[in-house]
Amino acid sequence: MAARPAPYLDDLNPAQREAVERLDGPVLMLAGAGTGKTKALTSRIVHLLNTGRARPNEILAVTFTNKAAREMKERVGRLLGASIEGMPWLGTFHSICVKLLRRHAELVGLKSNFTILDTDDQLRLLKQLVSAAGIDDKRWPARQLAGVIDSWKNRALTPDKVPSADAGAYNRRGVELYAQYQTRLRELNAVDFGDLLLHVVVIFQKHPDVLEQYQRWFRYILVDEYQDTNVAQYLWLRLLASAHRNICCVGDDDQSIYGWRGAEVGNILRFEKDFPGAHVVRLEQNYRSTPHILAAASNVIRGNAGRLGKELWTEAEGGEKVRLIGHWDGEEEARWIGEEIESMQRGTRGMRPFGLNDVAILVRASHQMRAFEDRFLTIGLPYRVIGGPRFYERLEIRDAMAYFRMVVSPDDDLAFERIVNTPKRGLGDKAQQTIQTAARANGVSLLEGARIAVEEGLIKGKGGAALGRLTGDLARWGRMVGDANVSHMELAEIVLDESGYTGHWQNDKTPEAPGRLENLKELVKALENFENLQGFLEHVGLVMDNDKQDAEQKVSIMTLHAAKGLEFPAVFLPGWEDGLFPSQRSMDESGLKGLEEERRLAYVGITRAEELCTISFAGNRRVFGQWQSSLPSRFVDELPEEHVEVLTPPGLYGGGFGAAAAQGGAVRGNIESRVAEANVYNSPGWKRMQARSSQHGTAQSKESRGPVIDLQAVSSFTIGERVFHQKFGYGAVIGIEGDKLEISFEKAGPKKVVARFVSASDD
Ligand code: ATP
Ligand code: MG
């Protein structure tokens, strides 16, 4: 069959084209951000299909996020100019492995309808095992043990393979617990995230016939973001590719940001050894960003040692410099960004108008998101939070999902434990013990055990009656799963209402309750996109990304990690403060490994921007209810002056950071004094403020290097003291009431103000 003409090849530069057209044998594409790696990878899939080299189901394509997988599918469809029957094996490592594992579950002692645990379930299970082993869980917190087990799984180590040196502080005891944990998971017919890969690798290693089948099947393998693969993923790929060696990996060592999760950038460097004769393609032209943005990113990443060292260039010209702005606190930062986005919509400072879909806010830590969510809700600026397990990790969502799991698989003991007394049914520890005993004695699931306990009258009173209702309800809802007259959305609502779960939040008077009810509604809405509950649970177990495609224009908020591979015309990078970004942990570590990973994260952040990149920091930030003052990130110092414009906060905020700066006599608007060595924080005024907050400082939180200001302690201002307020200027303290001060202001007269907006006067 003659190949159809290939317009998609015309869009590529010669190096990309080479990577696309060299279909046989190993290919490694190693190149910096925005050089068109993903584009080339996508074109390669199109080329495989277009030339008839492979059918859609013979291509194994691994992306890092589900969002990326979806986009790639769409792009392939577009480029091919025809709708393709789905590409079943285009997805993340996890989504592909779950499919493989369902087909061969029995080879590792599971049934094909196994449950995928969330972190919460995993921790509960570990806690039970630790306490059953008679170990004080303060000494071995479940979370820590989970981390160690994950790291073993990431390295494809089953309990029998963990080297003794590795057991380290855990003295083999950890390995024993790991083994028990795996046994327990099997009994529960459950897997955790790490198991998805581990089990498949074990199956491939122990069953050459199965491996061979897939080696034949996946004739072409493609991997995006290869720099972030861990050992287990790497082994998995190597096993599958070793026969035909048609593997094409693309990556960028400068964007390796998952070292903390066991990713090994060394996999890239090893590629040529594992696949001798590999063809290596390097790309250097960046098609995404303006020269200023590129220069800023390049200068920052230059601070890392041991890079493969790639230079990027662009044909693009002009554009805005990278913008830098400091704020008084995190709330002001959010307020400024909100208003800036609003004026960007209209077109500001001679720039083109931006749509909300053009704008992304990329944060280092998810706790930063709240300030933006709060602010944007207040001003009515539409936004979406993308990526990560955020939505599905919320308490109410996990509870609801546990109900759904019980309806779909009544044997799911972990889900049962979660919901049996949520909402409260008067089933305390004792009743739950009774259920456990009944289940064990009869060798049945907890739900069955509960039924028996009720029947035999082992649980008396209100609790017993409630439990009887629950078991009856679950059975009834279970029968509705197959009922053609009830959609799975309706069923979900029925379950949440009749179980009393929705009512529980309706009656709850805490400030979070309305938000939780909203989230439950969202959850039911999300079901629409799935055929049934089972399919949905599968999706959530794996995907956990809340990036629904909707028509309304919205600002995107996400973590830097979730932003990998994406691009936006305008990007805000808030919170560039030492201790937040780079993270405190990376700064405390001996050696530079952690810090270099943070720097790569900064590089990823800046290189997401096409036209406009705005970096900001705040002098004060409330983290988990505590005020902390902080210094601008060391990465701010690494931004090249000539490519940065320092914005002065406008008058409205001038009382904040600006005033603090002005007080100390810092020169505004001059990058040398603001950013380089002599930044505002070196000003005498700022230093005095720092000293003052240290005096007030309470116990230093481990997370913060800077002095911690306790809200109450701030009011240790003294009557008569001369102070400065962000908005009202100078005045004298005339009264103190908790965290409020009464101040007689020189211009504004007497006022009651919140103490945290007041600083000691410098003169
Ligand atoms: P990252 O490292 O951030 O994942 P990447 O190398 O995968 O980046 P792509 O996302 O593939 O880069 O491409 C970046 C942008 O450049 C995209 O908008 C893409 O359409 C565009 N692009 C890539 N190659 C070309 C080309 N040859 N001509 C014009 N535009 C291109
Ligand atoms: Mg990419």
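The figures follow:
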item	result
Long-range amide H partners of LYS740 with built H, under 5 Å	ALA755
From phi via Karplus (6.51, -1.76, 1.60), per-residue ³J(HN,Hα) for the range 136-142 in Hz, x at Gly/Pro	5, 7, 6, 6, 10, x, 4
LEU9-MET489 pseudo-label distance in nm [points 7 Å out on the Cα-to-Cβ vector]	4.6 nm
Net charge over other residues, Cβ less than 11 angstrom from the Cβ of GLY259 (K, R count +1; D, E count -1)	-2
Distant alpha-carbon pairs in the range 60-169 (separation over 25 angstrom), percent	44 percent
Relative packing of peptides 481-488, 310-317, 554-561, 96-103 - highest average C-beta neighbours within 10 Å first	554-561, 96-103, 310-317, 481-488
Partner lysines for LYS752 [C-alpha distance under 28 Å; skip if fewer than 8 residues away on the same chain]	LYS687, LYS727, LYS740
Debye equation applied to the C-alpha atoms of the range 23-116, log10 I(q)/I(0) at 0.19 Å⁻¹	-0.96
Pairs from LYS321/LYS593; LYS127/LYS430; LYS67/LYS564; LYS99/LYS564 whose Cα-Cα separation, in the structure shown, is over 20 Å	LYS321/LYS593; LYS99/LYS564
Nearest-0.05 FRET efficiency for ARG307 and GLU642, computed from C-beta distance (R0 22 Å)	0.45
Long-range amide H partners of ALA190 with built H, under 5 Å	THR115
Amide proton proximity set for VAL363, modelled H, under 5 Å, gap of 5+	MET558, THR559, LEU560
Residue-by-residue Karplus 3J(HN,Hα) for the range 355-370, coefficients 6.51, -1.76, 1.60, Hz, glycine and proline x	x, 5, 5, 7, 10, 10, 10, 10, 9, 7, 10, 5, 5, 5, 5, 4
All aspartates and glutamates inside 16 Å of LYS460 as judged from Cα atoms, apart from same-chain residues fewer than 8 positions distant	ASP429
Three-way shape label, the chain, alpha-carbon gyration tensor, a/c 1.5	oblate
Relative contact order of the chain, defined on C-alpha pairs under 8 angstrom at six or more residues apart (%)	14 percent
Ranked packing of 566-574, 122-130, most packed first, by mean Cβ within 10 Å	566-574, 122-130
Prolate/oblate/rounded call for the range 422-559, Cα gyration tensor, a/c under 1.5 rounded	prolate
Global geometry of the range 145-259, whether rounded, prolate or oblate, following the gyration tensor of its Cα atoms and the 1.5 cut on a/c	oblate
Using a Förster distance of 41 Å, the FRET efficiency for MET587-ALA243 (Cβ separation, nearest 0.05)	0.35
Cα-projected label distance for ALA732 with ASN357, points at 7 Å along beta-carbon direction, nm	6.1 nm
HN-Hα J in Hz across the range 561-571 - Karplus 6.51, -1.76, 1.60, θ = phi - 60°, x for Gly and Pro	4, 6, 8, 3, x, 8, 9, 9, x, 10, 10
Residue-averaged 222 nm ellipticity for the chain, from DSSP H runs of 4+ at -39500 (n - 2.57), nearest 500	-13000 deg cm²/dmol
Point-to-point label distance, ASP137-LYS751, nm (Cα→Cβ direction, 7 Å offset)	5.0 nm
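No value in this document is a laboratory result; all are computed from the given coordinates. Keep in mind the model is a prediction, meaning the values are calculated, not measured. Note: ideal-geometry Cβ built from the backbone for every residue, glycine included; neighbour counts use all protein chains shown.
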